[in-house]
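Below you'll find the structure, written out as structure tokens, and then a few comments.
The values are calculated or read from the model by the stated rules, or taken from the named source; none is laboratory data. Note that the coordinates shown come from a computational prediction; the quantities given were computed from them, not determined experimentally. Cβ atoms come from the backbone with ideal geometry, glycine included; neighbour counts cover every protein chain shown.
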Protein chains: 2
Amino acid sequence: MKLLIVEDEHKIANSIKKGLEQELFAVDVAYDGETGFDLASSEDYDAIILDRLLPIMDGVTICQKLREKQIHTPILLLTAKGQIEDKVEGFNAGADDYLTKPFAFEELLVRIRALLRRPKESIQSIMRVEDLELDTTSHTVKRDKQVIDLSAKEFSLLEYLVRHKGAVITKDQMIQHVWNYEANILPNTVEAFIKLLRNKIDYPFSRKKQLIHTIRGVGYKLGE
Amino acid sequence: MKLLIVEDEHKIANSIKKGLEQELFAVDVAYDGETGFDLASSEDYDAIILDRLLPIMDGVTICQKLREKQIHTPILLLTAKGQIEDKVEGFNAGADDYLTKPFAFEELLVRIRALLRRPKESIQSIMRVEDLELDTTSHTVKRDKQVIDLSAKEFSLLEYLVRHKGAVITKDQMIQHVWNYEANILPNTVEAFIKLLRNKIDYPFSRKKQLIHTIRGVGYKLGE
DNA sequence: TATTCTATTCAGGTAATTTTCAGAAAACTT
DNA sequence: AAGTTTTCTGAAAATTACCTGAATAGAATA
């Protein structure tokens, strides 16, 4: 579990870092608001500990800007004693919890753990075409409740087709989207993969209707 | 939303009650610990505000006894100033949050709302995947009731996988979350750790099904 | 200080996947 | 129907990903 501490008092920051590392967290530290914001935007933390009072950019602002950027990492705001109104403000800015300084380390730990325990808003990851199910999170494909085992490329290709179900996709489009831009891929490679997919998701289910259709001279289409 | 206040200072109790009622909560009040405990056990509250210092039975004890009775109503503990250690004790007893007296009513409101919003997170720190148990507090891992001894990194990696059980995790993600940002880790290092984990949680339990699965070309997945 | 334990990298082997090839089959064209 | 184009297909070749045992260096412990 990776945490970010944004705190300008080096002594506090380092002592928290040390304590959390002993609890087996991977900890990054930023000593000013801007660095903190940059790190929080670029790295993928499991939670962020944010001091309210910071050089360059204060904690509440960081919080707001992160939320604006659709970064929903849980945030624990550290508030200096006696700034009650600020706490409310912090919640409005999108902080998930706050802690009043000074605090015992145990306290911090309990709160971090609570934040981590919180179930993250799950992005719906299951897509369907007729009786075919594709789950991008678990990388699982099912047809008719049967689990189907696909290789990485096969999965990518199928995912692309599922995302564009009903539309005709040319081989060039598939090469563009499923392979990286400088890959030198022959159209026949796509044909070969289409066959591999058919072997797995169409031919074993011959009593059901085909999902992959060839549109001669144009490309392929998934589903009706 | 129905709340219970257990507080012996009538003045405070009544003023909180009044404030909360204005916020459209239904509020019951108990002025001593025993009455409070009885009410909390018999009625079904959405949250309980508990003073730490009470006649007959103190707040922490009430908390403990309620949890023992498998009553998991969110509890906000009111703690007198300067008793930091007590706060920790409160959490251990099963309180979900605490507030230091004196406080502004706004603060109380924010915290109550937070508690109600929270989908009853149990204070439990044990996570499970099939017959694997992982306790983040004590850093203990068990499979099939057998205690398994893991190194720090092994534990961190496993914890991350457990928290995302069923989902495929790429090596990059693991590097992102288990190491801090200045660490320069090769994907092969992750592979090596996966092997170490398998040596400890999978291979010795060959009669049971594997927990760590390789998804070739993508990453690894725990369970499912 | 010696010794054990841990984290990380290296390098070789293996197996699975990806890609190409070349011929067959199918679908249009005239 | 013959010719042309496009797709299909099985197998071979090329490539990549993963596994693994050993080596190293660093940290922790005795």
Members of the range A:138-148 found to be crowded, with 16+ Cβ neighbours inside 10 Å and either β-branched (Val, Ile, Thr) or more than 12 Å from chain B (Cβ to nearest Cβ) (or both), listed by number
A:140, A:141, A:142, A:143, A:148
With B:184, B:188, B:180 as the choices, which residue is more than 30 Å from residue A:106 (Cβ to Cβ), in a loop (DSSP other than H, G, I, E, B) and within 16 Å of DNA strand C (Cβ to nearest atom)?
B:184
Out of all the residues in the range A:37-49, which are modelled with pLDDT under 95 and surrounded by 15 or more Cβ atoms within 10 Å (Cβ to Cβ)?
A:43
Any hit, the range A:89-110, residues being more than 9 Å from chain B (Cβ to nearest Cβ), at pLDDT 90 or above and outside any loop (DSSP other than H, G, I, E, B):
no
Do you know which residues across the range A:206-224 are surrounded by fewer than 11 Cβ atoms within 10 Å (Cβ to Cβ) and more than 16 Å from DNA strand C (Cβ to nearest atom)?
A:207, A:224
Among (1) within 12 Å of DNA strand C (Cβ to nearest atom); (2) within 19 Å of residue A:130 (Cβ to Cβ); (3) not polar (S, T, N, Q), residue A:195 falls short only on (2)
Examine the range A:119-135 for a residue that is within 27 Å of residue A:26 (Cα to Cα) and either of a type in the set (A, V, I, L, M) or in contact with a Leu (Cβ under 9 Å, 6 or more places away or on another chain) (or both), and state whether such a residue exists.
yes
How about the range B:147-179: which of its residues are without any contact (Cβ under 8 Å) to a residue 24 or more places away in the chain and more than 14 Å from DNA strand D (Cβ to nearest atom)?
B:147, B:155, B:156, B:160, B:176, B:177, B:179
Those residues of the range A:32-79 that are within 14 Å of chain B (Cβ to nearest Cβ), among the polar types (S, T, N, Q) and farther than 20 Å from residue A:113 by Cβ come to a total of 3
What tally of residues in the range B:180-224 results from selecting those that are of a type in the set (Asp, Glu) and near DNA strand D (Cβ under 10 Å from one of its atoms)?
2
Hey, among the residues in the range A:180-195 that are surrounded by fewer than 16 Cβ atoms within 10 Å (Cβ to Cβ) and in contact (Cβ under 8 Å) with a residue 12 or more places away in the chain, which one's farthest from residue A:223 (Cα to Cα)?
A:187
Being at pLDDT 95 or above and more than 11 Å from chain A (Cβ to nearest Cβ) is the requirement here; does residue B:211 meet it?
yes
Hey, any hits in the range A:29-36 for a residue that's touching a Phe, Trp or Tyr at 6+ places or on another chain (Cβ under 9 Å), at pLDDT 95 or above and part of a loop (DSSP other than H, G, I, E, B)?
no
